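Please read the structure below before turning to the comments.
The values are calculated or read from the model by the stated rules, or taken from the named source; none is laboratory data. Just so you know, these numbers come straight off a predicted model, no measurement behind them. When the accessible area is computed, the model is the full protein with side chains, heavy atoms only, and any ligands, DNA or RNA have been set aside. Shrake-Rupley method; radii C 1.70, N 1.55, O 1.52, S 1.80 Å.
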Amino acid sequence: MVATTALLRDLVAGWRRDGLSVGLVPTMGALHAGHLSLVRAAAVENERVVVSIFVNPLQFGPGEDFARYPRDLGGDLEALDGMGVGAVFAPRLEEMYPSGATTRVRVGELDEVLEGARRPGHFEGVATVVTKLFWAAQPDRAYFGQKDAQQAALVTRLAEDLLTGISIRVCPIVREPDGLALSSRNAYLSAAERKAALVLSRALSRANEACLAGEEDPGRLRPILQRELAAEPLAEVDYAELVDPADFRSPGRLAVLAARFGSTRLIDNHLLGVRFETSPSG
Ligand code: PAF
């Protein structure tokens with residue numbers, strides 16, 4: 001395990017001198033099969049893989065779950081054991097935000113809608129920490145999950161805009177066999193809330209069936225999502241939209257959902273017209 005950017009840079013510089021390619025998988029820990037699928041993808045495409053584990057305070061708003069966000073470094077290291085990871089970068093807070101650090105990265109436009117509008121400052125926090133991680137690890141490729149679709153689009157924009165030369169790879173959502181998209185926040189759900197949360201994948205799947213049957217008008221597909229969600233009394237819906245994955249603003253085929261189940265806010269998405277798959281999480 002590496003805890004400082006200086007050590008990480010030395011390690012990566014050595015790999016580079018040996019002509020080895022480097023893949024970065026940024027995470028906030030509490031690793032599940034979704035994260036591990038990113039690590040696997042990185043290991044296939046790169047000779048060395050760095051997994052970062054850092055719960056980034058800057059991307060949590062006041063009243064969000066920073067304090068209770070699941071942390072299990074021991075379990076995470078165990079999960080990564082045997083996966084061919086070259087380095088786990090687990091910095092302390094002061095390493096990523098030394099006192100006096102005021103620089104922030106803002107992507108603009110993509111961070112103003114949906115998740116960005118509901119969680120002011122969230123994407124600025126993500127963009128800032130991801131930029132720092134890019135500098136620290138200097139990877140050839142970096143891996144993000146489609147589960148956080150807007151984040152993945154924003155990071156892709158950031159990597160291009162800042163001329164990083166880093167190729168952003170977006171890997172498919174991993175779902176439980178019953179359809180629930182894997183998320184570290186699923187750990188907060190009570191049994192009843194977990195059952196209720198299946199409404200997200202059910203709504204996406206219903207809208208997808210309609211799309212595959214020939215319905216392409218977002219104005220007709222959106223009510224399918226809304227009807228399904230409204231039928232679940234434990235779901236407090238934040239948004240259910242069909243947007244263009246390029247800007248998350250204009251109407252399109254990417255169905256994006258956010259809803260609260262008790263105190264847990266979950267998001268999910270699916271590009272309508274593409275087969276909806278649940279995958280065993282093992
Ligand atoms: O998706 C996450 O876990 C985080 O937003 C990320 C990309 C690791 C930045 O803290």
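Can you tell me the orientation of helix 122-137 relative to the chain, as the angle in degrees between its alpha-carbon axis and the longest Cα principal axis, to the nearest 10?
Between helix and principal axis, roughly 30 degrees.
Express in nm, to one decimal, how much length is gained between residue 246 and residue 187 on full extension, taking 0.36 nm for each residue of separation and deducting their alpha carbon distance.
Stretched out fully, the residue 246 to residue 187 stretch lengthens by 18.1 nm.
Does the stretch 43-194 come out rounded, prolate or oblate by the C-alpha gyration tensor, with a ≥ b ≥ c the root eigenvalues, rounded set by a/c under 1.5 and, if not, prolate when a/b is larger than b/c and oblate if not?
On the way: a/c = 1.28, a/b = 1.07, b/c = 1.20.
Rounded.
So with the 1.4 Å probe, I'd like the accessible area per residue for the chain, rounded to whole Å². Don't jump to the answer; show the numbers that get you there.
On the way: 13120 Å² over 282 residues.
That works out to 47 Å² per residue.
Ignoring everything but the protein chains, give the 1.4 Å probe accessible area of residue 164 in square angstrom, nearest 10.
Surface accessible to solvent at residue 164 totals approximately 50 Å².
I'd like the carbon and sulfur percentage of the solvent accessible area for the stretch 161-210, probe radius 1.4 Å, heavy atoms only, ligands and nucleic acids excluded. Before the final figure, lay out the partial values.
Details: 1210 of 2220 Å².
The nonpolar share, carbon plus sulfur, comes to 55 percent.
Could you tell me which of rounded, prolate or oblate describes the chain, using a ≥ b ≥ c as the square roots of the eigenvalues of the alpha-carbon gyration tensor, with rounded for a/c under 1.5 and, failing that, prolate when a/b is larger than b/c and oblate otherwise?
Prolate is the answer for the chain, as a/c is 1.5 or above and a/b outweighs b/c.
Compute the acute angle (0 to 90°) between the alpha-carbon long axis of helix 5-17 and the principal axis of greatest extent of the alpha-carbon atoms of the chain; round to the nearest 10°.
80 degrees
Over the stretch 83-215, calculate the relative contact order: mean separation of alpha carbon pairs under 8 Å at least 6 apart, over the residue count, as a percent.
On the way: 97 pairs, mean separation 21.9, N = 133.
This gives 16 percent for the stretch 83-215.
For a quick size check, give me the Cα extents of the stretch 1-104 along its three principal axes, largest first, whole Å.
Answer, in whole Å and largest first: 44, 33, 22 Å.
Output the antiparallel fraction of DSSP beta bridges having both residues in the chain, as a percent to the nearest 5.
Numbers: 18 of 35 bridges.
About 50 percent, rounded to the nearest 5.
So for the stretch 114-164, Kirkwood radius off the Cα pairs, Stokes-Einstein at 20 °C and 1.002 mPa s: how many µm² s⁻¹?
Details: Rh = 11.5 Å.
Answer from the Stokes-Einstein relation: 187 µm²/s.
Kirkwood-based Rg over Rh for the stretch 205-282 (C-alpha set), two decimals?
Values: Rg = 12.8 Å, Rh = 13.1 Å.
Value, to two decimals: 0.98.
Between rounded, prolate and oblate, where does the stretch 150-213 land on the alpha carbon gyration tensor, with a ≥ b ≥ c its root eigenvalues, rounded for a/c under 1.5, else prolate if a/b exceeds b/c? Don't skip to the answer; put the middle values down first.
On the way: a/c = 3.35, a/b = 1.70, b/c = 1.97.
Oblate.
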